[in-house]
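Below is one structure; the comments refer to it alone.
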């Protein structure tokens, strides 16, 4: 894991597959809170499955990526949608939607801006999971 020049602490490798770097671009302390990050996914890297307490907006900067959303039932995890991401494309992920995003190319970098929003007066929290993408989720501390 690494930093984009001028960035903050490196990402936690247990939350990603492959090499990823991030830089905090801005954040707000007033309500509603927001945190804006630039995230760089190298050659096929992706987030692990996760969900946010507030919504998230992704704005693709360069390369080819995707957003994949899932739903969990008592016995399985099912893919709901797959949205291709390329420079200039923006997507909104509602609060608590299980998803993953990152590079779709094994040879090119994909970058996006992630805007994480607070859930009203609540804190911004992200829950991360290991998963087989079909039948189980295990929370990552």
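The numbers here are math on the coordinates, done by the rules we state, and not lab data. Predicted model, so just to flag it, every value in this text is computed and none were measured. Here the Cβ positions follow ideal geometry from the backbone for every residue, glycine too, while neighbour counts run over all protein chains shown.
Subtracting the Cα-Cα distance of residue 139 and residue 105 from 0.36 nm times their residue separation leaves 9.5 nm of extension gain.
Histogrammed with a bin width of 5 Å, the alpha carbon distances of the chain distribute as 2, 10, 19, 24, 23, 14, 6, 2, 0 percent, first bin at zero.
In this rough spin-label picture, where each label sits 7 Å from Cα along the Cβ direction, the residue 62-residue 130 distance is 3.4 nm.
Between residue 72 and residue 23, what FRET efficiency follows from the Cβ-Cβ distance if R0 is 30 Å, with the result rounded to 0.05?
The value I calculate is 0.45.
A straight line joining the Cα centroids of the range 109-141 and the range 18-95 runs 8 Å.
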